[in-house]
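Below: the structure, in structure tokens.
Rule-based calculations on the coordinates, nothing more; no lab input. Note that the structure is predicted; figures quoted are calculated from it, not measured. Every residue, glycine as well, gets a Cβ built from its backbone with ideal geometry; the counts of neighbours run over all protein chains shown.
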Amino acid sequence: MLFAPDVEVALISAAALANLGPGDGRLPDVAALDEFVEHYRYSGERTRDDAELRAVRALIPTLRRYWELDDEAALVDYVNELLRAGHALPQLRKHDEWDWHLHAEPPGAGLAQRMLVESAMAMTDVIRAGELDRLKFCADEHCDNVVIDLSKNRSRRFCEAGCGNRANVAAYRARQKQAAGG
């Protein structure tokens, strides 16, 4: 494990949310947001309304920017800006199945603010560990999804949308065609 478990979950969920894309229908309603929240184990109070859904959708380009910034200094400035905007107040918490870990959102923060602050806190660990090369874009030339590479050997190249499988199938077919003399 490269980062603490809660940090890894925050990084993975930030990438997943960044990959939803504005208006592409993958977060179409509150029920889809409920599934996302449950899948990535976000805790805390929820309003489960359209305002909450709009606030989370509005985070998509904000989170995607982590991958778009091309140097450490710019990313540090951006993360610090988000921590200030989210009124980050680091504190230890223990809840659900999680042992002691850091939360930084203020008491009573809404879901979108919690998502923002958790992702920014996770990025502080990426920056402090000197692991910015783990922030990648999908290697599929037809995909613009982001990837958080948490593999030991930094070998992850494709996003979670099936691009790696499609690339493997295409490579297999090309080898078969070449072996058949075609």
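Below 14 angstrom from the Cβ of ASP71, what's the summed charge of the other residues (Lys, Arg +1; Asp, Glu -1)?
In short, -4.
Extension gain, ARG84 to VAL169, is 26.0 nm, computed as 0.36 nm per intervening residue step minus the present C-alpha separation. By definition, a body whose alpha carbon gyration tensor gives a ≥ b ≥ c is oblate when a/c is 1.5 or more and a/b is not larger than b/c, and the range 46-99 fits this oblate description.
For the range 119-161, backbone nitrogen atoms closer than 16 Å to the point 7 Å from ARG26 Cα along Cα-to-C-beta are found at 136-149, 157-161. By the rule of a second cysteine Cβ within less than 4.7 angstrom, the chain holds isolated cysteines at CYS163.
A simple spin-label model places pseudo-atoms 7 Å from Cα toward Cβ; at ASP77 and GLN178 they are separated by 4.6 nm. One chain, two ends: GLU141 and ASN153. Fully extended at 0.36 nm per residue, the span grows by 2.1 nm beyond their Cα-Cα distance. In the chain, Cα pairs under 8 Å separated by at least six residues give a relative contact order of 22 percent. When the alpha carbon gyration tensor of the range 97-175 is reduced to an equivalent ellipsoid, its three semi-axes come out at 33, 15, 11 angstrom, largest first.
For the range 116-158, the square roots a ≥ b ≥ c of the C-alpha gyration tensor eigenvalues yield an a/c of 1.5 or more together with a/b not exceeding b/c, which makes the shape oblate. The residue list ALA174, VAL146, THR47 was ranked by how far each Cα lies along the charge dipole of the chain toward its positive end, using unit charges on Cβ atoms, and ALA174 comes out on top. Shape of the range 134-182 from its Cα gyration tensor (a ≥ b ≥ c, root eigenvalues): rounded if a/c is under 1.5, otherwise prolate when a/b > b/c, or oblate? Cα axes put the range 134-182 in the prolate bin. For Cα Rg over 2.2 N^0.38 Å, one of [x] 1.02; [y] 1.14; [z] 0.97 was computed from the structure I shared and the rest are decoys. Which label? Checked against the structure: label [y]. So which residue, out of ASN165, ASN153, ASN19, gets the largest mean-square fluctuation from a GNM of the chain using Cα contacts under 10 Å as springs? Per the Cα network of the chain with a 10 Å cutoff, ASN153 tops the list. Considering only THR47, THR62, THR124, the mean-square fluctuation computed in a Gaussian network model of the chain, springs between alpha carbons under 10 angstrom, is largest for THR47. Dipole size of the chain about its Cα centre, with +1 on Lys/Arg Cβ and -1 on Asp/Glu Cβ: approximately 720 debye, rounded to the nearest 20. DSSP loop (so not H, G, I, E, B), at most 15 other Cβ within 10 Å: list which GluC sites (Glu not before Pro) in the range 16-70 pass both filters. Passing sites in the range 16-70 are GLU45.
Comparing ALA14, ALA122, ALA32 in a Gaussian network model of the chain, where Cα atoms under 10 Å apart are tied by springs, the biggest mean-square fluctuation is seen for ALA32.
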